[in-house]
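Structure first, commentary second.
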Amino acid sequence: QEAFAKIAEVSAFDPWVGLHAGEHDEPRSPLYYMIQSSARVEEGLQRAQRFSGLLLDTLRLTVRIERDLVSLVFNPGDPVFSASRHAVEYLVMASANAMRHAVGASCRRREVHFRHRRVGSLDEAERAFGCPVHFGQADNRVIFPRSALWSVPRFANRSVAEQLEKFADTLDAGIAARATTRERAARAA
C-alpha cells in the first residue's frame with residue numbers, strides 16, 4: 001500500500017498524492033448515503049460511527065463533542081494503513097469532502113489534525129482543506145462547528161435512511177463473519 005503510494009508520489013512529482021486523490025474522490029459509500037439521507041447531521045454521524053467498518057473493516061470513527069466544536073476522529077485500526085500518510089490523508093480528505101457534499105456550507109471545517117509528520121508545503125494542505133491543518137497530533141481528525149450537527153442534509157429522507165441502515169446491518173454482519181473466520185484461521189496457524 002505505501003509502496004504503491006510512494007510510486008504514485010514519485011511518478012506524479014506530488015508529495016500530496018493521497019490528499020489530492022481524496023480531493024477528487026466522488027462519495028459513493030454506504031456511510032455517505034446514510035449521512036446524506038438522515039434527518040440531521042448528528043443522526044448521520046451516529047450511523048457513520050456505528051458502521052465505520054464498511055469503509056475499512058478495521059476503521060473506527062468516533063464523534064467527539066467539545067463545547068462548540070465537533071470532531072470526527074479517524075482510527076484506521078490497521079498498522080499498515082496507519083503507517084501510510086498517503087492513505088490516511090486520502091481517507092480524511094475524502095471523508096471531509098463527503099460531509100461537504102452531503103451537508104453543504106454548514107459543515108465548514110475549522111481544523112484538521114494528522115498523527116503523522118508533514119511532508120511538503122503546509123500551504124497546499126491548508127488550501128485543500130480550507131482551514132488550518134496540524135501535523136504530529138494525537139489523532140487524525142476533522143473539526144467543525146457543533147451547530148453543523150443540527151443541519152439538515154440535502155437529501156434527508158427518513159425512509160431511505162432506515163433502509164440504508166438495514167442494508168448496512170447486513171453488510172456489517174458479513175464483515176463480522178469474515179473477521180471471525182480470519183481470527184479462527186490465525187489461531188489455527
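Scanning the range 121-154 for residues that are surrounded by 19 or more Cβ atoms within 10 Å (Cβ to Cβ) and either more than 19 Å from Val73 (Cβ to Cβ) or not aliphatic (A, V, I, L, M) (or both) returns Ala128, Phe129, Asn140, Arg141, Phe144, Ser151, Pro153. The residues of the range 107-120 that are modelled with pLDDT under 85 and surrounded by fewer than 17 Cβ atoms within 10 Å (Cβ to Cβ) amount to a single one, Gly120. Here Arg115 passes the criteria (1) closer than 23 Å to Gly44 by Cα; (2) more than 14 Å from the chain's Cα centre (by Cα) except the one numbered (1).
Across the range 38-53, the qualifying residues are those that are in a loop (DSSP other than H, G, I, E, B) and open to solvent by less than 10 Å² (accessible area, probe 1.4 Å), and the one among them that is farthest from Gln163 (Cα to Cα) is Phe51.
Across the range 21-37, what is the total count of residues that are part of a loop (DSSP other than H, G, I, E, B) and either open to solvent by 50 Å² or more (accessible area, probe 1.4 Å) or in contact with a His (Cβ under 7 Å, 6 or more places away or on another chain) (or both)?
Within the range 21-37, the subset part of a loop (DSSP other than H, G, I, E, B) is 24-29.
Narrowing the set further to residues that are either open to solvent by 50 Å² or more (accessible area, probe 1.4 Å) or in contact with a His (Cβ under 7 Å, 6 or more places away or on another chain) (or both) leaves 24, 26-28.
Residues meeting the conditions: 4.
Number of residues in the range 157-174 that are under 15 Å from Ala48 (Cα atoms) and small (Gly, Ala, Ser): the value is 2.
A single member of Pro30, Pro76 is in contact with a Leu (Cβ under 7 Å, 6 or more places away or on another chain) and at pLDDT below 90, and it is Pro30. Taking the condition of being touching a residue at least 40 places away in the same chain (Cβ under 8 Å) and either among the β-branched types (Val, Ile, Thr) or open to solvent by 40 Å² or more (accessible area, probe 1.4 Å) (or both), how many residues in the range 65-76 meet it? Looking only at that region, the number is 7.
The values are calculated or read from the model by the stated rules, or taken from the named source; none is laboratory data. Please read these numbers as outputs of a predicted model, since none were measured by experiment. A quick note on method: Cβ atoms are made from the backbone with ideal geometry, for glycine too, and the neighbour counts reach across all protein chains shown. The area values use the complete protein model at the heavy-atom level, side chains included, leaving out ligands, DNA and RNA. Shrake-Rupley method; radii C 1.70, N 1.55, O 1.52, S 1.80 Å.
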